[in-house]
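First the structure, in the form of structure tokens, and then the observations on it.
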Amino acid sequence: MSTPTTPPLQILEAAGQKQTNQRERFEKVRTLVHPDSASASAALAGEVAALIRERSASGKLTVLGLATGSTPVPFYRELIRLHRDEGLSFRDVITFNLDEYYGLARDHPESYYRFMSDQLFDHVDLSPDRIHLPDGTVPMEAVYDHCRDYEHRIAEAGGLDLQILGIGRTGHIGFNEPGSAIDSATRMITLDRVTRQDAAADFMGVANVPRSAITMGVGTILEAKRLVLMAWGANKAGIVREAVEGKVTDQVSASFLQTHPNATFLVDQAAASYLTRFRFPWLVGPVEWDAPMKKRAVVWMARKLEKPVLKLVDEDYNENGAEGLLASTSEAAYEVNIDIFNRVQHTITGWPGGKPGVDDSRRPERSQPFPKRVVVFSPEPTDAFIGMGGTLTRLREQGHEVRLVFQTSGNLRVADGAALNFARVVLEMAESSHSPEWESQTSYARSIVEAIDAKGEFGIDPDFVRKLKALILRGEARDAASVCRLRYHDSQFLDLPFYESGRYRRFRFETADAEGVRDVLADFQPHSVFATGDASDPSSPQAIAFRAFAEAWAMAYGAGFRNDCKVWLYRGRDRPLEAHEIDMAVPMSPDQLEEKTEALRRFMSLNEDDLNAAARNRENAAVYDSLGMAEYEGIESFKLWKAP
Ligand code: GLP
């Protein structure tokens with residue numbers, strides 16, 4: 001490995017985040033946390049621009065290692081802006097990408113070459129002969145030489161000055177799946193099951209995802225002079241913590257960054273939320289012991305010691321780093337315990353729309369008005385059922401007027417088989433009818449079958465197939481809604497434009513998306529709103545759908561309904577809320593949980609994680625039980641949203 005040198009400019013480190021010694025005990029690699037991905041990406045683009053300019057000024061080329069995935073998209077957009085508006089030139093830049101799917105030609109819509117062209121190369125003045133990606137089409141017997149050649153080219157260019165990285169859920173960098181050695185070189189690799197699942201939506205079904213890829217090795221990456229790994233959204237929080245605070249292991253290839261002298265993790269708040277300094281800040285330094293902090297610490301301690309809250313004693317506080325909590329108050333553990341116990345207890349309600357005619361001063365939702373107008377936003381059709389299927393049913397059963405708003409059509413999630421089934425039913429009907437009236441239906445159904453056949457391996461659907469898939473999903477969503485007691489007209493389909501014109505990992509918010517949601521709010525005048533996506537990866541449909549809601553909410557500033565409307569956040573595909581974050585816990589009986597699963601079964605194209613929704617509800621219930629609350633079969637949980 002070459003000796004990495006410190007790059008000339010360290011703009012990120014100038015951001016003023018000092019690493020305390022206490023924190024270093026936990027974080028083994030420099031980690032900068034930004035409020036959101038936009039500000040983090042802008043900071044990194046600023047560093048890269050300064051590096052390029054400085055090297056160009058002294059007649060040197062800059063060698064950049066680039067990454068794909070949704071994570072670097074805002075960074076590339078900022079580079080393009082710097083090029084357009086601030087004259088940043090890429091004439092003196094050479095690029096090497098981390099990886100490419102094996103089997104995909106450059107012009108395939110999901111090839112990384114195509115991705116890079118769309119997201120960066122076509123918009124800046126990079127010279128095409130200075131762009132390098134592994135070639136996914138080299139014959140098997142030539143792969144080894146191709147990989148060696150890739151390494152030579154990097155070395156010939158003088159080595160990577162800066163390598164950009166994302167992180168996969170398996171902890172991979174590039175496509176270095178668990179088991180990749182610290183000194184591995186560029187090579188062919190078989191993709192992990194989890195990685196292929198995560199790419200399923202890109203390829204419209206896991207069956208279409210390539211099984212292998214060519215990737216720079218861990219060793220290749222570690223030879224770069226500087227490494228910056230970006231991660232956004234709550235779903236990355238667990239793996240970021242493992243990579244930053246865990247031990248160095250080939251099971252999490254990103255943990256190898258701990259061994260590099262100039263590596264930085266650049267994360268947003270959601271992706272940082274499992275780091276000790278945020279999750280258990282009292283272990284890292286002094287904290288202000290306000291009510292939420294006390295709840296967080298006591299709940300954590302009870303979980304750690306496997307004791308119900310009411311059984312914690314003074315010694316437990318002192319021996320587990322929470323001595324400051326007791327010192328900050330005149331209360332003994334006994335009194336703090338009762339206070340926190342009651343707080344958690346009061347989050348539990350079987351009346352998510354409020355219970356009429358009772359004192360509501362300690363209930364999560366108010367009694368009046370009753371019944372309420374409740375709007376539930378589901379970014380993709382399955383989200384509301386995954387996150388709050390049981391609560392949906394309760395709201396309807398308790399007499400509220402519920403409107404279930406499906407923000408996007410979700411058609412990219414529908415498997416080919418579903419569209420083929422439909423087409424074949426039509427063809428068989430036509431055949432058995434022997435009537436010329438079926439001619440147009442027959443040719444439509446044939447065109448569906450042909451389009452899907454023509455896609456071949458790794459293909460992409462034309463618009464009319466997407467349209468059919470959207471309608472299939474609509475039917476499933478209505479069916480699932482009816483399991484939750486909703487009537488036909490309680491569902492509304494917005495088909496927000498960002499989804500229809502986009503693809504996974506590169507969706508882009510448009511004002512029209514917020515306008516669609518604004519109209520729903522203005523029309524329905526809700527008393528309570530349920531939404532999700534606040535902590536999702538910023539380019540996911542969930543995050544963009546949430547942004548559409550948040551902007552619509554801002555547009556409704558001054559509207560009467562906003563004065564008396566609570567907004568509840570739920571988690572669908574994202575990591576569940578932790579016990580201390582929960583403001584409302586809606587318990588479920590075994591039958592209710594079974595019914596929720598029944599609603600989910602109405603969707604044909606669910607992945608394993610989605611089907612685990614009931615297991616997550618059971619886990620929530622087990623946590624509440626372990627804290628000393630009543631024991632339920634399942635719990636759906638919610639957090640109050642505070643509009644910025
Ligand atoms: C793929 C890429 C990685 C990327 C990862 C995460 O596996 N090969 O380079 O970091 O996906 O993707 P995303 O940024 O979309 O979460």
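The values are calculated or read from the model by the stated rules, or taken from the named source; none is laboratory data. The model shown is predicted, which means the values in this text are computed figures rather than measured ones. FYI the Cβ positions are ideal-geometry reconstructions off the backbone, even for glycines, and counts take in every protein chain you see. We work out accessible area using only protein heavy atoms, side chains counted, and drop any ligands, DNA or RNA first. Shrake-Rupley method; radii C 1.70, N 1.55, O 1.52, S 1.80 Å.
Annotations
- Region 521-644, accessible surface, carbon-and-sulfur percent (1.4 angstrom probe): 48 percent
- Each semi-axis of the equivalent ellipsoid for region 280-345 is √(5λ) with λ an eigenvalue of the Cα gyration tensor; in descending order they amount to 16, 13, 12 Å.
- Across the accessible surface of region 12-156, with the other protein chains kept in place and a 1.4 Å probe, carbon and sulfur atoms take up 49 percent.
- For region 31-277, the square roots a ≥ b ≥ c of the C-alpha gyration tensor eigenvalues yield an a/c under 1.5, which makes the shape rounded.
- Once both labels are positioned 7 Å from their Cα atoms along Cα-to-Cβ, the gap between residue 443 and residue 512 label points is 2.9 nm.
- Added length on full extension, which subtracts the Cα-Cα distance from 0.36 nm per residue, residue 36 to residue 156: 39.5 nm
- The order of the peptides 527-533, 273-279, 283-289 by mean Cβ neighbours within 10 Å, most packed first, is 527-533, 273-279, 283-289.
- For residue 248 and residue 305, the difference between the fully extended length at 0.36 nm per residue and the C-alpha to C-alpha distance is 17.8 nm.
- Backbone HN-Hα couplings from phi across region 566-574 [Karplus 6.51/-1.76/1.60, Hz, Gly and Pro as x]: 8, 10, 9, 9, 10, 10, x, 7, 7
- Only helices enter this figure: runs of n ≥ 4 DSSP H residues, each worth -39500 (n - 2.57), summed and divided by the residues of the chain, yield -12500 deg cm²/dmol at 222 nm to the nearest 500.
- Highest average packing first - 184-196, 352-364, 432-444, Cβ atoms within 10 Å: 184-196, 352-364, 432-444
- Three-way shape call for region 26-72 based on the alpha-carbon gyration tensor, with the a/c threshold at 1.5: prolate
- Here's how it looks for residue 212: its modeled amide H is under 5 Å from those of 102, 191, which are all 5 or more places away or on a different chain.
- Proximal charge balance of residue 307 [Cβ under 14 Å; K/R count +1, D/E count -1]: -3
- Spin-label model, residue 607/residue 26: points 7 Å from Cα along the beta carbon direction are separated by 2.9 nm.
- Region 31-277 - share of DSSP beta bridges that are antiparallel (%, nearest 5): 30 percent
- Across region 615-631, computed HN-Hα scalar couplings (Karplus, 6.51 cos²θ - 1.76 cosθ + 1.60, θ = phi - 60°) run 4, 5, 5, 5, 4, 4, 5, 5, 5, 4, 4, 5, 7, x, 7, 4, 9 Hz from first to last residue, x flagging Gly and Pro.
- The Cα trace of region 125-191 gives Rg and Dmax of 13.3, 38 Å, the first to one decimal, the second as a whole number.
- Neighbours of residue 376, meaning other residues whose beta-carbon lies under 10 angstrom from its beta-carbon, give a summed charge of -1 when Lys and Arg score +1 and Asp and Glu score -1.
- For residue 445, neighbours were defined as the other residues whose beta-carbon sits under 15 Å from its Cβ, and their charges (Lys and Arg +1, Asp and Glu -1) total -3.
- Antiparallel %, DSSP beta bridges [both residues in the chain], to 5: 30 percent
- Protection proxy ranking of 323-329, 173-179, 140-146 - average other beta-carbon atoms within 10 Å, highest first: 173-179, 323-329, 140-146
- FRET efficiency for the pair residue 91 and residue 212, taken as 1/(1 + (r/R0)^6) with r the Cβ-Cβ distance and R0 = 35 Å, rounds to 0.50.
- Using a probe of 1.4 angstrom and keeping all protein chains present, the accessible surface of the chain works out to 41 square angstrom per residue.
- Split the accessible area of region 276-435 by element, probe 1.4 Å, and carbon with sulfur accounts for 50%.
- The chain: C-alpha gyration tensor shape, a/c 1.5 cut-off, then a/b vs b/c: oblate
- Rounded to 0.05, the FRET efficiency of the residue 81 and residue 61 pair, given R0 = 30 Å and the Cβ-Cβ distance, is 0.85.
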